[in-house]
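Note sheet for the following structure.
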Amino acid sequence: MTPQQYKAYIRKINAANKKSVDNYNKEVKRVNDYNKKVHSQRKTEIQKYNRGVDKFNAEQKRRKQSFDSAIRKLNSTPQSKIIQYSTRSISNSSIELTNTYSNLRDDPIIKAHQRSEELITSWPERETANSLDLTNALNGHYIDGASVDFLKKSEIEESLDSLSSELGNRWKGALFSLNHNNPDASRHFCSSVREILIKVIDTKAPDKEVFQLYPNCPLHGNSPNRRTKIEYILNNNTLNLTSLVDFIDQDINDVLNLFYELNSGTHGDSGKFNANQLIQLKKRVEDSIQYMLTF
């Protein structure tokens, strides 16, 4: 090998080594960049998860405070005042719903992973608090956060329209009647939404399909009774827990009892309710319908 050939050979080896080193460095950089990206994504996901946990905990805390506040207000209402405004039946119904909620909350059969299920925990607490808030409003308590603008806003119109245009139109008509200057506002509103709530349940639990699953179920007229329909709806959502069936059945009883009592014309001044009371009435009814629509 001549000196020139030797130098060329060395240059070739050095070039090959340099290429190997460059390729290695590129691979190291690629791995580092990938690790940084993964770390950044993981950090973002952790931050997002922590924000979600914080939000969930804050919402749970707010709901518990709202629930506890509603209980305190109900317990602080003099019995004479309840009698004066003829809301004893509504108050008793709220108390019964509260007891049913407590049974659901403390049910040992509910598994640990189900405790975070919104339909089992958050919604029942919200429904119970709404019932108590309405009872307290009818007994003369002002509920914080009440805004008259809420009377014309709708959280369920789109969902009702998708289920049935008739239901959507009924809801629009109910909201139209909900004016605190209208002495019959509550009766007009309740007449409309009673049919909406029943129709939502019937739509989600058609008689024919309920009979197929529960051929020997108790009847109401010629149809499966409401509790059986609730069981059917929950079964379709793999949530057929007895304590949850009990709660939803009592929750609907509470709302329907409310319609009956307010339609009797024995409350307030010729049936007239103030804005605060109508706000709580709408919230109670709208959330109950939305709860059933969620299944």
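The values are calculated or read from the model by the stated rules, or taken from the named source; none is laboratory data. All figures in this text were calculated on a predicted structure; none of them were measured in a lab. Here the Cβ is made from the backbone with ideal geometry for all residues, glycine too, and neighbour counts use every protein chain on show.
Structure above, values below:
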quantity	calculated
From Lys172, Lys111, Lys204, Lys208, residue being crowded, with 17+ Cβ neighbours inside 10 Å, more than 13 Å from Gln280 (Cα to Cα) and charged (D, E, K, R)	Lys204
Some residue of the range 244-257 being under 20 Å from Leu197 (Cα atoms), assigned by TED's automatic domain parsing to the domain that holds Thr128, surrounded by 14 or more Cβ atoms within 10 Å (Cβ to Cβ) and at pLDDT below 90	yes
Helices (runs of 4 or more DSSP H) enclosed by the range 153-222 - at least 3 residues per element that are in the same structural domain as Asn253 (by TED's automatic domain parsing) and touching a Gly at 6+ places or on another chain (Cβ under 9 Å)	157-163, 185-204
Number of the condition not met by Glu96 [criteria: (1) acidic (Asp, Glu); (2) at pLDDT below 80; (3) more than 19 Å from the chain's Cα centre (by Cα)]	(2)
Residues of the range 114-145 satisfying the condition of being buried (at least 19 other Cβ atoms within 10 Å of the Cβ), hydrophobic (A, V, I, L, M, F, W, C) and either part of a loop (DSSP other than H, G, I, E, B) or without any contact (Cβ under 8 Å) to a residue 60 or more places away in the chain (or both)	Ile120, Ile143
Leu239 assigned to a loop (DSSP other than H, G, I, E, B) and aliphatic (A, V, I, L, M)	yes
Residue within the range 26-35 that is closer than 30 Å to Thr121 by Cα, within 56 Å of the chain's Cα centre (by Cα) and at pLDDT below 85 present	no
Subset of the range 215-243 (residues that are farther than 21 Å from Asn103 by Cβ and surrounded by fewer than 16 Cβ atoms within 10 Å (Cβ to Cβ))	Pro215, Asn216, Pro218, Leu219, His220, Gly221, Asn222, Asn236
Matching residues in the range 188-200 - criterion: being farther than 15 Å from Arg284 by Cα and crowded, with 18+ Cβ neighbours inside 10 Å	His188, Val200
Complete set of residues in the range 89-113 that are without any contact (Cβ under 8 Å) to a residue 40 or more places away in the chain and either β-branched (Val, Ile, Thr) or at positive phi (or both)	Ile95, Thr98
